[in-house]
1. Within region 243-254, how many residues turn out to be surrounded by fewer than 17 Cβ atoms within 10 Å (Cβ to Cβ) and either farther than 17 Å from N131 by Cβ or not charged (D, E, K, R) (or both)?
2. From the residues in region 174-192 that are in a loop (DSSP other than H, G, I, E, B) and within 26 Å of L106 (Cα to Cα), which one is modelled with the highest pLDDT?
3. If you scan region 241-257, which residues turn out to be aliphatic (A, V, I, L, M) and within 19 Å of L120 (Cβ to Cβ)?
4. Among the hydroxyl-bearing types (S, T, Y), loosely packed, with under 14 Cβ neighbours inside 10 Å and either part of a loop (DSSP other than H, G, I, E, B) or assigned by TED's automatic domain parsing to the domain that holds S23 (or both), is that true of S134?
5. From I117, I127, which residue is aliphatic (A, V, I, L, M) and surrounded by 15 or more Cβ atoms within 10 Å (Cβ to Cβ)?
6. Suppose the filter is assigned to a loop (DSSP other than H, G, I, E, B), surrounded by 14 or more Cβ atoms within 10 Å (Cβ to Cβ) and either out of contact with any Leu (no Cβ under 9 Å at 6 or more places or on another chain) or not charged (D, E, K, R) (or both); does K3 pass it?
7. Tell me whether region 57-76 contains one or more residues that are in contact (Cβ under 8 Å) with a residue 60 or more places away in the chain, touching a Leu at 6+ places or on another chain (Cβ under 9 Å) and surrounded by 11 or more Cβ atoms within 10 Å (Cβ to Cβ).
8. What's the total number of residues in region 146-173 that are part of a strand (DSSP E or B), more than 12 Å from L120 (Cα to Cα) and of a type in the set (V, I, T)?
Amino acid sequence: MYKTKGVFRCNHPLHKRFGYEVSPYFILKYKKCYPEGCVEFLWRCRLSGKGKKCPRGYQHVGRNCFSCKQYYEIKVCRSPETGLDEKELSRFFAKLDEFEFWLSDLEGKRVAFSGTIAELNPSLQMIRDNNRSSVRLNGFIISFDSGHIGYDLLDDPLYLRVGSTFLARWRPAPGDQLDCRAILTIERGRMVLSKATGVEISRGGSEPLADFSKALVGRATGRIVQDDIRLCRYCPYGSLLDVCDIRPKENHYRRFYCLKGIEYAESCPIRLSRLLDEAKLNPAEV
């Protein structure tokens, strides 16, 4: 319910890379800007764009400009939009209330879980402090397209956090059926399980893809993908990156990270090689 598509849109420039579509979690829980909206103050300089130099020698408008007589602000008010009519929106909020009532009894508790593994990816976090940044490896994330929590089927993505010890012992792979008991939490709208016990795995025939040493190398050599991340779907070298900006203002968000260090998916040699192989197997008819 927190990640349902087609409910809210926001015309803020930061949402452009997502087609201005914003999750219900972001609107209702993180920003809490529905229906009142939010206010943003844009910093401006009267000398900018007129070919005149800043008397203080700055290149951009910042916090040190507040006392300058050339500084001014523009107040911008934005309100999230919805593509649903009144009845559809009422049904959505009713379902959301049911989901949160169900979740309130389970969140933070150890629950029985069962699901088929879809993907394995490193759990990466980037810490940014002005112009300095570092990437940490916080174990791995096992993704499920759906799964059972107790007797309830959730036909939505779920995630299980594991460490290197879990990886070495169980060697999980896509297609494996995993049963365990784990603690259920909500992380920025995602349903995440952790501290798994009583693990049982039924093999699905695939080879394990995750490797701790390769993940450490990827952490150091990887790059944030700058263009259309939809081209990277199902690539084994892609991973979500949790970014934390410490200064000048604390901010948390996610980016798509390429462990091979390729910044632009459009010219990715791995993707282009795969397309060529597919073309050889399915040549076009003349």
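The values are calculated or read from the model by the stated rules, or taken from the named source; none is laboratory data. Every value quoted in this text rests on a predicted model; they were computed, and no experiment measured them. Cβ coordinates were reconstructed from backbone atoms using ideal geometry, including for glycine residues, and neighbour counts include every protein chain displayed.
1. 7
2. Taking the candidates together, the pick is D176.
3. Residues of region 241-257 that are aliphatic (A, V, I, L, M), as a first pass: 241, 243, 246.
Correct list: L241 only.
4. Against the criterion (among the hydroxyl-bearing types (S, T, Y), loosely packed, with under 14 Cβ neighbours inside 10 Å and either part of a loop (DSSP other than H, G, I, E, B) or assigned by TED's automatic domain parsing to the domain that holds S23 (or both)), S134 does not qualify.
5. Checking each option against the conditions leaves just I117.
6. On the way: assigned to a loop (DSSP other than H, G, I, E, B): yes; surrounded by 14 or more Cβ atoms within 10 Å (Cβ to Cβ): yes; either out of contact with any Leu (no Cβ under 9 Å at 6 or more places or on another chain) or not charged (D, E, K, R) (or both): yes.
So K3 passes the test.
7. Among the residues of region 57-76, not one is in contact (Cβ under 8 Å) with a residue 60 or more places away in the chain, touching a Leu at 6+ places or on another chain (Cβ under 9 Å) and surrounded by 11 or more Cβ atoms within 10 Å (Cβ to Cβ), which makes the answer no.
8. Adding up the residues that qualify gives 1.
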